[in-house]
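The values are calculated or read from the model by the stated rules, or taken from the named source; none is laboratory data. Fair warning: this is a prediction, and the values are worked out from it, not measured in the lab. Backbone-built Cβ (ideal geometry, glycine too); neighbour counts: all protein chains shown. Just the protein is used for accessible areas: all its heavy atoms, side chains included, with ligands, DNA and RNA removed. Shrake-Rupley method; radii C 1.70, N 1.55, O 1.52, S 1.80 Å.
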Amino acid sequence: KKAGPDTSGRLKEILAILKKYNYDDGITPEIIANILQDLGPTFVKIGQIASQQGEYIPADYCDALMKLRSKVAPMDIETVYSQIQKYLGKPVGELFASFSDKPLGSASVGQVHKAELFDGTVVAVKVRRPGVVDTVARDFALIEKILDQFVKGDLGGFDIMGFILELEKTSKVELDFTNEA
C-alpha cells in the first residue's frame, strides 16, 4: 500500500476541535454544522453534500448544513496578497492595474476577487486558501484509514468508501484551479 500524508498531527487537530463543543444536551444540527466548519474544507464539502440528502437526513440537519454553502469567512487581504505573490512570483501591484480587496465570493477552498489587467481587461482572480491542498489530502487519508479499519462492506446499501473516494477525486479537481483557467 502506498504511503500517504502523515495524518497524526491532523488527527490531534480534529480531536481538539471536537473537544471544544459541549454535547451534554445532544448534538444539535447547529453543532454539527459548526464542527464541520471548524474542521475545514474537506468536512465542509461533506456537509454541503449531506445537506442535499433530505431523503436520508432530517430536514433540520439539512437546513443547518445548507448554511455551509454560504457561511465561509473570507481570507484577510494580506493572506490573499501573500498567496498571489507565492504562486505568481510578483506582488499584486505588479500584476494588476487594480485589485478589489473585497471578495466577490468566498468558499472553503478559496475566494474570488475582481481585478483589472494593465491592458484594461477585467478578470476574476481565484485565490486558494493557504495549506488547503495538504489539509484536504491529510483529511482524506485519515478518513480512508478510519473507514478501512472500522467499516466492512457497505452501510445499508450505501458504499461509503466509494462515496469518499469519489469525493476525494472531485476535490482534487476543485483544488486545481488550472481546470477553471
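Checking the structure you have, find out if any residue of region 62-78 is at pLDDT 85 or above and hydroxyl-bearing (S, T, Y). Give the derivation first.
Restricting attention to region 62-78, the residues satisfying the condition of being at pLDDT 85 or above are 62-68, 74-78.
In the following step, the residues that additionally are hydroxyl-bearing (S, T, Y) were identified as none.
Scanning region 62-78 turns up no residue that is at pLDDT 85 or above and hydroxyl-bearing (S, T, Y).
Go through region 58-87 and give me each residue that's among the hydrophobic types (A, V, I, L, M, F, W, C) and in contact with a helix residue (DSSP H, G or I) (Cβ under 6 Å, 6 or more places away or on another chain). A64, L65, L68, I84, listed by residue number. Number of residues in region 112-131 that are β-branched (V, I, T), open to solvent by 30 Å² or more (accessible area, probe 1.4 Å) and either closer than 30 Å to L36 by Cα or within 25 Å of the chain's Cα centre (by Cα) (or both): the value is 2. Here is the figure for region 86-111: residues that are open to solvent by less than 40 Å² (accessible area, probe 1.4 Å), at pLDDT 95 or above and assigned to a strand (DSSP E or B) total 1. Looking only at region 78-97, residues that are closer than 16 Å to G131 by Cα and either in contact with a strand residue (DSSP E or B) (Cβ under 9 Å, 6 or more places away or on another chain) or acidic (D, E) (or both) come to 7 in all.
Among the residues of region 40-79, the one identified as of a type in the set (G, A, S), outside any loop (DSSP other than H, G, I, E, B) and open to solvent by 50 Å² or more (accessible area, probe 1.4 Å) is A59. Within region 82-109, the only residue that satisfies the criterion of being touching a Gly at 6+ places or on another chain (Cβ under 9 Å) and aromatic (F, W, Y) is F99.
For region 39-98, name all the residues that are at positive phi and touching a residue at least 12 places away in the same chain (Cβ under 8 Å). Passing the criteria: only G40. For G54, the stated conditions hold: it is touching a Cys at 6+ places or on another chain (Cβ under 7 Å), modelled with pLDDT under 85 and not acidic (D, E).
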